[in-house]
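See structure below.
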Amino acid sequence: MHGALPRRLAQGRREQPVRRRSWLYPVTVFIAVAVLIGAGAWLALALRGQLAALDAPPVPVVVEVREAQLDYSSAASLTGRRVAPEPVLWNGSAGTVTAVHAGSSDELGTGSAIVDVDGVTLRAYFAGTALFRSLSRGDKGADVKVAQELLNFLVPGASLSVSGTFGSATASAVRAYEKSLGMSPTGVLDPRWFILLPTDTYRVGSVSLRVGQPAPAPGTAFLDGVTTVEGLKFEVEGGGPDGAYRFSYLGSSYDVMLSEGAWTLVDEAALAALLDPKPGATSDAEGAVEEETSPPSDTTGSVTVDGRVALTDPEPGQAVPPAALVLDPSGASCVLLAGDHSPATVTLIGSAVDGSALIGPDLGEGARVLVNPLEVVPEAECP
């Protein structure tokens, strides 16, 4: 008996720790589940707050349109073709040069005195046919017509019929011209009295004759002309209303006109001179043309100068931040008005000094527009 009781007591002592672990386990599990549920609820609330912030509409940023002056300033270019004329060739007169009448920058035409050889003045003429032979009574041909036209120009009261036949009237006119040259009249026209010009008007660049030197050999180039500019073309990148504009280049400005999309150069001669500066020359417009920045004066072919064109009398207009503009794929542009965010069509005219976009037409005094139009109205389209 005494031996059995201690075994049961011993068994009871061994079973007591097992009973204590059995009630702690459920409590531990309950606490862990409660913590997880609480963390999940907190995380859900945090995510809901972030998603709500993401779904919040953007805040419209509004600015008032400011007044500005619109001169429709735009880049412009003037292009022309610089052409060097053919030189003037010696006519074959022999003797000594006794006077030189033609000088640099002189403009020669039919009848202009060029040079004296042995005291006889040789004059310029322009014609489709050259005088190539001595002409006397009975001669016929195209060169006779040229001679008759020259005599009508040079001999007062000649009034010859330009028939191409050398008759008595033509011979009489030749004798009168010979007397004007200080020669004994013969009635025979010497072609060496005249020098053929390459063009009807010839501006002299340089003359390679000196008084006292022998006359050049026949066909020698002795007189060079200055370059001229042909085919002026004016191009402008932007656009604007019809009216008077000023083309500015190197501190000088020149009048141009815009009418129905076509540009007109008011003073073509001044603009041609801009493309063909001469040493020591200054512009007729406001300010001098600096030689070191002008087009080179020793080249021929196409030449271009780049400047700017602007309306002579600027128009009142408005300016907005560039971000306020909505550019439609169709090419239209507009702004969204504050309040109802309705689009108002505008034309981008240019940029102000501060970077603002110059627009037209006038949106009205006190008009306000969105600076972030595509954030507020992502699907905005211009009408």
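The values are calculated or read from the model by the stated rules, or taken from the named source; none is laboratory data. Note that the coordinates shown come from a computational prediction; the quantities given were computed from them, not determined experimentally. Ideal geometry is used to build each Cβ from the backbone, glycine not excepted, and the neighbour counts take in all protein chains shown.
I'd like the full set of residues that are within 16 Å of Asp306 (Cβ to Cβ), assigned to a loop (DSSP other than H, G, I, E, B) and hydrophobic (A, V, I, L, M, F, W, C), limited to the stretch 243-269.
Listed by number, the list holds a single entry, Leu250.
For the stretch 137-156, indicate whether the set of residues that are out of contact with any strand residue (DSSP E or B) (no Cβ under 9 Å at 6 or more places or on another chain), under 15 Å from Trp193 (Cβ atoms) and part of a loop (DSSP other than H, G, I, E, B) is non-empty.
Checked the stretch 137-156: at least one residue is out of contact with any strand residue (DSSP E or B) (no Cβ under 9 Å at 6 or more places or on another chain), under 15 Å from Trp193 (Cβ atoms) and part of a loop (DSSP other than H, G, I, E, B).
Specify which of the listed residues (Gly212, Gly205, Gly231) is of a type outside the set (Val, Ile, Thr) and not assigned by TED's automatic domain parsing to the domain that holds Leu150.
Numbers: Gly212 fails: not assigned by TED's automatic domain parsing to the domain that holds Leu150; Gly205 fails: not assigned by TED's automatic domain parsing to the domain that holds Leu150.
Residue meeting the stated conditions: Gly231.
Restricting to the stretch 227-266, and then to whatever is free of Cβ contacts under 8 Å to residues at least 40 places away in the same chain and at positive phi, can you tell me which residue is farthest from the chain's Cα centre (by Cα)?
Glu260
Would you mind telling me which numbered condition in (1) modelled with pLDDT under 60; (2) surrounded by fewer than 17 Cβ atoms within 10 Å (Cβ to Cβ); (3) assigned to a loop (DSSP other than H, G, I, E, B) Glu292 fails?
Every condition holds for Glu292 apart from (3).
Would you pick out the residues in the stretch 80-122 that are more than 14 Å from Pro214 (Cβ to Cβ), hydrophobic (A, V, I, L, M, F, W, C) and in a loop (DSSP other than H, G, I, E, B)? I'd like the intermediate steps shown before the answer.
Step one: list which residues in the stretch 80-122 are more than 14 Å from Pro214 (Cβ to Cβ), which gives 80-89, 91, 99, 101-114, 119-122.
In the following step, the residues that additionally are hydrophobic (A, V, I, L, M, F, W, C) were identified as 83-84, 88-89, 99, 102, 108, 113-114, 120, 122.
Listed by number, the residues that qualify are Ala84, Ala102.
Quick one: what pairs do we get from the stretch 121-145, first residue under 19 Å from Thr201 (Cβ atoms), second in a helix (DSSP H, G or I) and among the aromatic types (Phe, Trp, Tyr), C-beta under 9 Å, 6+ apart or different chains?
Leu122/Trp193; Arg123/Trp193; Tyr125/Phe153
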